[in-house]
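Inspection log for the structure reproduced underneath, given as structure tokens.
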Amino acid sequence: MDEVLTTADVSSSLPSGTATSSGPLPPSNLPLVSAFLAFSIAQFLKPFTTWFKEKRWDSRRLVGSGGMPSSHSATVTALAMAIGLQEGTGASSFALAVILASIVMYDASGIRLHAGRQAELLNQIVCELPPEHPLSNNRPLREPLGHTPLQVVAGAVLGCVVSYLVRNSV
């Protein structure tokens with residue numbers, strides 16, 4: 001006759017400290033926790049860095065793209081770092097995360113940065129059009145899309161620090 005294992009049987013056979021998918025244990029997916037935490041911290045910092053640089057408070061920066069530090073870079077770097085710390089740098093998942101992080105950071109400081117600069121220029125051109133021109137009533141394009149290399153590096157450093165701290169706090 002086939003034996004049926006229950007969740008209680010499985011969890012009682014696990015070593016102490018091993019998390020299961022049910023129960024009141026803290027989240028065990030440290031890479032995911034690190035990535036979300038790094039993203040949240042980076043987004044939280046953006047209004048403060050805007051205030052520091054421009055001497056104006058802009059709470060929309062909490063949910064906006066662009067700015068210092070790059071939350072995209074912080075997220076993917078935290079993910080890669082946490083996977084490297086948890087599974088080792090020889091793991092295939094670490095290689096995948098590093099490649100993903102490289103693509104995201106390249107895109108943020110390259111393509112998206114230049115798209116934002118083009119949007120800024122197009123908005124200036126549209127503002128200079130006479131009021132009777134059909135394009136003069138278009139709403140402005142979003143300008144802060146990408147990141148400078150410094151913003152990308154700051155996000156990457158933040159992601160590494162968050163992953164290291166999360167790993168050592170568990």
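Read-outs throughout are calculated quantities, based only on the coordinates presented, and are distinct from any laboratory measurement. Note that this is a predicted model, so its numbers are computed, not measured. Glycine gets a Cβ as well: all are built from the backbone with ideal geometry, and neighbour counts include every protein chain shown.
The listed peptides 159-170, 28-39, 121-132, ordered by packing as a protection proxy, come out as 28-39, 159-170, 121-132 (highest mean of other Cβ atoms within 10 Å first). Among THR75, THR148, the order by Cβ neighbours within 10 angstrom, fewest to most, reads THR148, THR75. State whether the range 65-128 is rounded, prolate or oblate according to the following rule on the C-alpha gyration tensor (a ≥ b ≥ c being the square roots of its eigenvalues): a/c under 1.5 gives rounded; otherwise a/b larger than b/c gives prolate, and the remaining case gives oblate. Prolate, because a/c is 1.5 or more and a/b exceeds b/c.
Arranged by the count of other C-beta atoms within 10 angstrom, fewest first, what order do SER70, SER65, SER92 take? Kindly include the intermediate steps, with their values, before the conclusion.
On the way: SER70 32, SER65 18, SER92 9.
By the 10 Å Cβ count, ascending: SER92, SER65, SER70.
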